[in-house]
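Here is the structure we will look at.
The values are calculated or read from the model by the stated rules, or taken from the named source; none is laboratory data. Quick caveat, the model's predicted, so the values are computed rather than measured. Note that each Cβ is placed from the backbone with ideal geometry, even for glycine, and that neighbours are counted across all protein chains shown. Please note that ligands, DNA and RNA were not included when accessible areas were found on the heavy atoms of the full protein model with its side chains. Shrake-Rupley method; radii C 1.70, N 1.55, O 1.52, S 1.80 Å.
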Amino acid sequence: MTEDASLRIETFPVGIASVGLREEQRQIPSGEPPPLPPNSDLSVIGKPQPRVNGRAKVTGAIRYTVDVAPQGLLYSRILRSPHAHAEVRAIDVSAAQRDPRVRAIVRAIKLDDPAQAAVRYVGQPVAAIAATSMAAAEEALRLIRVDYKPLPFVVDMDEARQPNAAMVYDRGLAPGSSAGELVAQAGLPVEGNVRGPARASRGDVAQGLASAAAVIEGEYRTQVQTHCCMEPHGLVADWKPDGLTVHISTQFTTGVRRQLAQAFDLPLEKVRVVVDGMGGGFGSKSTLGNYGRIAVALSRQAGAPVRLTLTRPEEQMDAGNRPATVQRIRLGARRDGTLTAISVESHGTAGVGLNAGVASFAQALYDCPNFESAQYDVFTNAGPGTAMRAPGAWGMETAIDELADRLGLDPLALRDAIDPSPVRREERRIGAEKIGWARRHAPGADPGPIERGIGVAQSLWGANVQTASSIEVRILRDGSVEALSSVQDIGSGIGTVIAQVVAETLGLRPDQITVRIGDTLYPAGPPSYGSRTTASITPPARVAAWKALEALFGEAALALNAAPGDCVARGGRIEVRGEPERSLSFAEAAQRMSGDMISFTETRSEDYGGFRRTFGEAAVARQDLGGVQFAEVAVDVETGIIRVERVVAVQDCGRPMNPLLLESQIQGGVLMGVSYALYEERILDKGSGRMVNANLEAYKLIGPRDAPAIDVTVLENYQGRSATDAYGIAEPANIATAPAIGAAVYNAIGVRLRSLPMTPTVVLTALGKLPLKS
């Protein structure tokens with residue numbers, strides 16, 4: 001290691017706790033605290049601490065966006081396109097303007113720009129109104145007259161790929177237009193409605209397939225899934241001469257603030273974004289969105305606060321979705337399971353949007369010298385896709401299960417041969433023992449109408465970090481402690497984890513820490529997407545608390561007649577190391593401060609040893625995250641109904657900060673995975689482009705009676721890469737569920753299902769009890 005005065009060498013515990021820890025040295029910045037010991041040696045971190053805002057949530061005391069009601073509040077509704085594709089020739093708002101209850105009207109279509117004077121999906125915003133009541137806004141919407149010229153459209157991905165398909169972007173592709181910039185992104189070719197391919201490769205796939213002892217090839221399909229957040233998208237925008245305040249249900253206060261400042265040409269200091277309670281996002285609330293711009297424009301025009309909350313049909317049609325995919329996968333392997341080639345060709349549709357790819361998972365999870373992928377976006381006349389809790393592993397993991405069957409290998413033995421991760425090897429061992437893998441039978445071996453099976457699948461996720469993540473820790477003269485950051489709690493409990501980190505550092509209890517988050521008046525926090533929040537905000541929280549404590553030691557040492565370096569904080573007291581009788585309470589120590597407050601603000605530093613990759617403010621750590629999930633199912637071969645009876649989820653996230661919150665996150669991920677595997681699917685009418693199940697009655701979701709028993713194990717996987725060594729869990733907990741269920745269904749009935757969702761119709765058709773679709 002090179003010598004650097006700004007760095008020092010520390011020894012960290014490294015490894016999987018259940019296997020055994022070893023010591024490794026790391027260079028760390030001189031201004032950071034010493035390494036944390038394993039969780040077993042800590043008082044607060046790694047312990048099951050209830051949510052700090054849990055009581056407020058269950059009693060209704062917490063404030064959600066719809067609870068924000070400033071004086072003079074106006075109510076907004078959006079007029080949406082009834083057409084899947086049409087030229088918009090005129091928008092007449094004169095009758096609505098004459099309604100005295102209407103205070104603002106905005107058009108969402110630029111009629112003076114021929115490239116943008118069109119709608120391309122049912123539900124696309126056309127105009128919006130702010131009025132004195134919701135009823136008035138809805139009545140006024142009906143007074144707006146829009147002159148549409150309907151155009152040909154296509155909503156089915158397979159049909160959109162055909163040479164004679166209706167063109168989604170058949171007009172408006174002039175250089176500089178928003179539509180033209182969209183399809184030309186990254187310089188990929190566009191032919192008809194198909195953009196791409198984006199390619200990645202290594203080695204020689206053709207040679208790898210030719211040398212293989214076994215080759216499997218299959219087409220795997222996934223459906224469009226909508227987010228179904230319990231709390232719909234919404235905001236209250238309040239434009240005033242001295243600045244803009246927006247209360248919004250968002251996963252990224254800092255990002256939305258920047259987007260607002262840019263969209264409305266405001267300096268950042270004139271924009272404030274606030275979120276308190278939040279009812280889920282799952283990726284769909286990561287940006288401002290068209291509804292956010294509309295509400296702010298209405299508030300600016302009206303000179304009054306405006307509330308805009310999407311209805312459930314609007315949520316389903318125009319709040320984002322997980323793109324559908326068609327994946328063509330070829331795998332080649334030797335007889336011992338060693339992979340010789342992986343080839344993935346995927347077509348995905350994010351509607352009128354982009355980025356429906358899948359192949360990075362296939363490229364990274366398993367050892368294989370020869371890999372190729374070609375990923376295509378397919379435009380359709382449907383609402384744009386957006387981020388949603390982790391790209392799935394349905395295609396690749398189902399193909400791996402097929403390969404094991406073809407080679408006559410146990411699926412776990414195959415993964416032991418091709419997966420180099422020692423963490424997942426331990427997860428497979430633990431999970432196999434818990435599920436009772438030894439009792440797994442041959443596919444379709446159960447007699448009778450109820451056939452049972454067990455399956456397994458794995459997940460992989462990058463250890464994401466947002467480096468522009470800051471937090472302030474204050475110790476006040478009365479001994480109270482505050483932690484402040486704009487980071488938002490979207491339901492995962494990050495406020496509780498921050499309290500644990502600060503409490504552990506200061507020798508206090510979590511309930512003695514006041515956490516103030518979700519407001520851009522505080523230091524800029526990270527987003528809550530990509531499983532990066534804990535990894536981004538807990539290290540600077542510990543650094544700031546440690547520096548504040550060091551300053552407090554300097555004050556207390558005088559009263560204790562000791563050196564500051566001999567002071568320790570534990571049990572709510574400041575003690576002299578080895579002499580606990582020489583001590584002050586934390587509050588007594590704080591009263592000796594020379595000022596009213598000790599305050600330190602810290603920003604996430606680079607991981608010790610550096611990051612694997614950086615992308616502006618985002619980075620990926622050197623380690624990966626993941627997990628292994630096992631599913632046990634019962635299939636009624638007479639009705640086609642699949643019942644998931646049990647899921648064993650063994651996951652890793654670096655240092656587990658709070659087992660109670662982690663278990664909640666993993667259970668939620670599993671439940672979403674079961675719902676994705678068996679029930680959910682957006683259905684669009686090909687004749688009109690309308691979503692026919694745009695509510696939570698016709699759009700089937702998992703319910704309490706469908707939920708399996710879920711057995712959660714979280715590994716302690718220490719790597720010594722940051723001040724807390726903690727990373728995220730939300731995405732890895734969701735990735736493997738569907739393919740594990742698919743593998744279990746195959747083990748139960750002996751017939752492979754390659755498409756999601758696995759509905760009773762799909763099962764019965766595969767069993768030959770229903771005719772194939774024409």
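For the reader, a short list of remarks on this structure follows.
- Computed from the C-beta positions of ALA210 and ASP367 and an R0 of 25 Å, the FRET efficiency is 0.85 to the nearest 0.05.
- Full-extension gain in nm, ASP147 to THR11, via 0.36 nm per residue minus C-alpha separation: 41.9 nm
- Distance in nm between pseudo-label sites at ALA263 and ARG334 (7 Å out along the Cβ direction from Cα): 5.6 nm
- LYS240 exposes around 100 Å² of accessible area when a 1.4 Å probe is run over every protein chain in place.
- Rolling a 1.4 angstrom probe over the protein heavy atoms with all chains in place gives the chain an accessible area of 39 Å² per residue.
- Ranking LYS700, LYS686 from most to least accessible surface, computed with a 1.4 Å probe over the protein chains only, gives LYS686, LYS700.
- Rounded to the nearest 20 debye, the dipole size of the chain about its Cα centre is 1440 debye, using +1 on the Cβ of Lys and Arg and -1 on the Cβ of Asp and Glu.
- Euclidean distance between Cα centres, region 186-224 to region 463-542, Å: 43 Å
- Where SER688, SER43 fall by accessible area, highest first, once all protein chains stay in place (1.4 Å): SER43, SER688
- Taking a point 7 Å from the Cα of ASP92 along the Cα-to-Cβ direction, the residues of region 127-164 with backbone N closer than 18 Å to it are 127-128, 140-150.
- Largest first and in whole Å, the equivalent-ellipsoid semi-axes of region 367-447 read 31, 18, 16, each the square root of five times a Cα gyration tensor eigenvalue.
- Efficiency of FRET between ARG202 and ARG752 - r from beta-carbon atoms, R0 22 angstrom, step 0.05: 0.15
- Backbone N within region 485-521 under 11 Å of label point (7 Å from MET230 Cα along the Cβ vector): 491-492
- At the residue level, MET597 shows approximately 90 square angstrom of accessible surface with a 1.4 angstrom probe and all protein chains present.
- Mean projected area of the Cα convex hull of the chain, taken over all directions, amounts to 36.1 nm².
- Computed extension length for LYS57-SER133: 24.6 nm, one decimal, from 0.36 nm per residue of separation with the Cα-Cα distance subtracted.
- Inter-part distance where region 90-130 and region 342-367 are each reduced to a Cα centre, Å: 37 Å
- The alpha carbon centroids of region 608-648 and region 21-85 are separated by 21 Å.
- Over all projection directions, the Cα-based convex hull of region 18-141 averages an area of 17.8 nm².
- A 1.4 Å probe, protein heavy atoms only, puts the accessible area of LEU549 near 10 Å².
- Label-to-label distance, SER30 versus GLU606, with points set 7 angstrom from Cα along the beta-carbon direction: 1.8 nm.
- For the chain, hydrophobic long helices are taken as DSSP H runs at least 24 Å long by C-alpha position along their axis with mean Kyte-Doolittle hydropathy of -1.0 or more; these are 533-560, 659-678.
- Ignoring lysines fewer than eight residues from LYS270 along the same chain, the ones with Cα atoms less than 24 angstrom from its Cα are LYS240, LYS285.
- Here LYS434 is the anchor, and the lysines within straight C-alpha reach of less than 26 Å, apart from those fewer than 8 places off in the same chain, are LYS47.
- Counting only lysines at least 8 places from LYS686 when in the same chain, those with an alpha carbon closer than 17 Å to its own are LYS773.
- The 1.4 Å probe gives accessible areas that order SER470, SER664, largest first, as SER664, SER470.
- 10 °C / 1.306 mPa s Stokes-Einstein diffusion coefficient of region 468-605, Kirkwood radius on C-alpha pairs, µm²/s: 106 µm²/s
- Per residue of the chain, the DSSP helices (runs of n ≥ 4 H) give a summed -39500 (n - 2.57) that works out to -7500 deg cm²/dmol at 222 nm.
- Rounded percent of accessible protein surface that carbon and sulfur make up, the chain, 1.4 Å probe: 49 percent
- Taken along its three principal axes, the alpha carbon spread of region 704-752 comes to 49, 26, 15 Å, from the longest extent down to the shortest.
- Hypothetical label at ALA587: residues of region 504-527 whose amide nitrogen lies under 13 Å (7 Å Cα-Cβ projection): 512
- Full extension of the chain segment joining LEU73 with ALA698 gains 221.7 nm, where the gain is 0.36 nm per residue of separation less the Cα-Cα distance.
- According to the Cα-based calculation, Rg over Rh for region 385-537 is 1.17, with Rh computed by the Kirkwood formula.
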